[in-house]
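This report concerns only the one structure given below.
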Amino acid sequence: MVLFLNDIILIFIGLLILLLGVLIGVAFLTLLERKVLGYIQIRKGPNKVGLTGILQPFSDAVKLFTKEQTFPINSNYFCYYYSPVFSFVLSLMLWMLIPYYFNLVSFSLGMLFFFCCTSLGVYTVMIAGWSSNSNYSLLGGLRSVAQTISYEVSLALILMSSIVMVMDFSLFNFGVYQNMVWFLFIMFPLSLSLLSSMMAETNRTPFDFAEGESELVSGFNVEYSSGGFALIFLAEYSSILFMSMLFVLIYLGGYEINFFFYLKLVFVSFIFIWVRGTLPRYRYDKLMYLSWKSYLPVSLNFLLFYMGLKIFLL
């Protein structure tokens, strides 16, 4: 019994350290984004707070969480208040999927858990948009739901091809199967489709229709300020970091405890930022056509191809 308790305490401490690491990672990802976007636009990024602006994310966090929390008088207060919290918790729950060699929760059905959490993330955006009782935020929420549901289909089918190759839902085995050659070389077109589907899934440029500043005054989070806005922001960047890690796990050699793994992770995160600084926003109907008329048939055809390949190899 004592051993069992010790195990639970160790797992809990491990999870706390993981969450702390994720939050610090998110803080520096926002700094990296602001710096990179600055240099893309031929200007300096944040460079006043701390050495070359390294403490900027922490001062932003202190400012946001100490500001007064306002809410629209006609909003559905309970839903409005708690949807950013649920959004943040869901994005952090995904991080339990990291296939650690020690201590933490080990999932044999990790990919299914990933699909469940990303599907639930839709509801938090929808409720955040609806409960603000503003037309702009409602439109942003509806756009986001339509977009996320569309791209979840292609995301699931693209990931199914990799799952068919490994024949396991556990993320640990992806590293084992990529010992000789990365899946990126075997599935190059699919990896590019997955990358853009991930951008659409996390509401990033060029698919950031939920936050269309030009037409929706910032979209579903327009009424949020201080802590609520900070939590939505943290959830988005935590998802970006996780999606980058998932891409590395599935296509760039799986999980390894070395510097090269984290370098790959930072590079994929950098691609998300690079795309934001370079590409203009898509037109909404083109976004839907891309999902249903391009990615869906392509991913279905590749799924059949890899199923045949697996049977042939067996």
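Where a number appears in this text, it was derived from the coordinates with a stated rule and is not lab data. Computed from a predicted model, the values in this text were never measured in an experiment. With ideal geometry, Cβ positions are generated from the backbone for all residues, glycine too; neighbour counts draw on all protein chains shown.
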Notebook entry, point to check: Can you give the relative contact order of the chain as a percent, counting alpha carbon pairs under 8 Å and 6+ residues apart?
Noted result: 24
Item checked: Projected area averaged over orientations for the chain, convex hull of C-alpha atoms, nm² -> 18.8
Next item on the list: For Leu23 paired with Leu192, estimate the spin-label separation in nm (one decimal), with each label point 7 Å from Cα along the Cα-to-Cβ line.
Entry: 4.0
Check: Using mean Cβ contacts within 10 Å as the protection proxy, how do 82-92, 22-32, 300-310 order, highest first?
Finding: 82-92, 22-32, 300-310
Note to self: Quick check on packing: order 191-199, 165-173 by the mean number of other C-beta atoms within 10 Å, highest mean leading.
What the structure shows: 191-199, 165-173
Next item on the list: Enter the Cα centre distance for the pair the range 127-173 and the range 61-97, rounded to the nearest angstrom.
Entry: 20
Next item on the list: Could you point to the residue in Ile311, Ala200, Leu51 farthest towards the positive end of the chain's charge dipole, with +1 and -1 charges on the Cβ of Lys/Arg and Asp/Glu respectively?
Entry: Leu51
Next item on the list: Please get the size of the charge dipole for the chain, origin at its Cα centre, with Cβ charges of +1 on Lys and Arg and -1 on Asp and Glu, quoted in debye to the nearest 20.
Entry: 700
Item checked: Ranked packing of 116-127, 65-76, 236-247, 263-274, most packed first, by mean Cβ within 10 Å -> 236-247, 116-127, 263-274, 65-76
Checklist line | the range 1-65: trypsin sites (Lys or Arg not before Pro) in DSSP loop, at most 16 other beta carbons within 10 Å | finding: Arg43, Lys44, Lys48
Checklist line | Selection from Trp292, Pro189, Ile8 lying farthest towards where the dipole of the chain points positive, charges on Cβ | finding: Pro189
Item checked: Cα-centre dipole for the range 7-109 with unit charges at Cβ (Lys and Arg positive, Asp and Glu negative), debye to 20 -> 560
Item checked: Furthest towards positive pole of dipole, Pro84, Ser108, Tyr224, structure part the chain, Cβ charges -> Tyr224
Item checked: the range 29-69, relative contact order [Cα under 8 Å, separation at least 6], % -> 27
Item checked: 28 Å Cα-Cα reach of Lys67 towards lysines, excluding residues that sit fewer than 8 places from it in its own chain -> Lys35, Lys44, Lys48
Check: Between Leu10 and Val181, what is the spin-label point distance in nm, taking each point 7 Å from the Cα along the Cα→C-beta axis?
Finding: 4.0
Checklist line | HN-Hα J in Hz across the range 131-140 - Karplus 6.51, -1.76, 1.60, θ = phi - 60°, x for Gly and Pro | finding: 6, 5, 6, 10, 4, 5, 5, 5, 4, x
Next item on the list: Would you list, by chain and number, the lysines whose Cα falls below 27 Å from the Cα of Lys310, excluding same-chain residues fewer than 8 positions away?
Entry: Lys293
